[in-house]
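Data block below; observations after.
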Amino acid sequence: VQLQASGGGLVQAGGFLRLSCVASGINLRVSDIVWYRQAPGKEREQVAESTMGGNMNYADSVKGRFDISRDNAKSTVNLQMNNLKPADTGVYYCNARIGPFRSIWGQGTQVTVSS
């Protein structure tokens with residue numbers, strides 16, 4: 001049972017990246033998937049959420065720029081990040097919430113946006 005995040009990198013402000021979170025041993029059909037990020041010296045914050053019911057929620061700071069999507073058949077949740085800003089820099093983690101008591105974390109992928 002694991003989540004594998006990938007797609008991070010170094011990009012200039014205004015650029016884009018696409019993060020992927022691939023699940024193994026997890027049925028995404030019964031999971032909410034959340035992308036978090038943690039900037040240096042700051043607390044981890046929720047960025048985008050895709051619920052098993054089909055809802056998508058975004059932090060105010062990324063609305064209109066980020067898009068979360070899922071492919072349950074491929075056990076993949078993607079985060080398309082457009083018009084990136086230096087403030088988007090951080091380590092991005094995907095998290096699977098399975099029911100009220102189970103939470104699984106991926107290993108994180110670094111996103112660095114230069115000005």
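If you filter segment 18-28 down to residues that are in contact with a Leu (Cβ under 9 Å, 6 or more places away or on another chain) and either farther than 11 Å from Arg70 by Cβ or without any contact (Cβ under 8 Å) to a residue 60 or more places away in the chain (or both), you find that the one that is most open to solvent (accessible area, probe 1.4 Å) is Arg18.
Within segment 7-17, can one find any residue that is open to solvent by 50 Å² or more (accessible area, probe 1.4 Å), within 26 Å of Gly99 (Cα to Cα) and in a strand (DSSP E or B)? No, segment 7-17 contains no residue that is open to solvent by 50 Å² or more (accessible area, probe 1.4 Å), within 26 Å of Gly99 (Cα to Cα) and in a strand (DSSP E or B).
Restricting Gln80, Gln110 to residues that are farther than 11 Å from Cys21 by Cα, touching a residue at least 12 places away in the same chain (Cβ under 8 Å) and open to solvent by 70 Å² or more (accessible area, probe 1.4 Å) narrows the list to Gln110.
Let me confirm something: among Ser103, Ser69, Ser31, Ser115, which residue is open to solvent by 20 Å² or more (accessible area, probe 1.4 Å), among the hydroxyl-bearing types (Ser, Thr, Tyr) and over 18 Å from Leu17 (Cα atoms)? None of the other options fit; the residue is Ser103.
May I ask you to list the residues in segment 38-67 that are part of a strand (DSSP E or B) and either farther than 19 Å from Thr89 by Cβ or of a type in the set (D, E, K, R) (or both)?
Residues of segment 38-67 that are part of a strand (DSSP E or B), as a first pass: 38, 45-50, 56-58, 66-67.
Residues satisfying the conditions are Glu45, Glu49, Ser50, Met56, Asn57, Asp67.
Among residues that are of a type outside the set (Asp, Glu), within 14 Å of Val77 (Cα to Cα), in contact with a strand residue (DSSP E or B) (Cβ under 9 Å, 6 or more places away or on another chain) and surrounded by 12 or more Cβ atoms within 10 Å (Cβ to Cβ), Asn55 is not included. Within segment 34-45, the set of residues being open to solvent by 70 Å² or more (accessible area, probe 1.4 Å) and either farther than 18 Å from Gly8 by Cα or in contact with a Phe, Trp or Tyr (Cβ under 8 Å, 6 or more places away or on another chain) (or both) comprises Gly41, Lys42, Glu43, Arg44, Glu45.
The values are calculated or read from the model by the stated rules, or taken from the named source; none is laboratory data. Just so it is clear, the structure is predicted and the values come from calculations on it, not from any experiment. Positions of Cβ are backbone-derived with ideal geometry, glycine not excepted, and every protein chain shown enters the neighbour counts. Heads up: the accessible areas ignore ligands, DNA and RNA and are worked out on the full protein's heavy atoms, side chains in. Shrake-Rupley method; radii C 1.70, N 1.55, O 1.52, S 1.80 Å.
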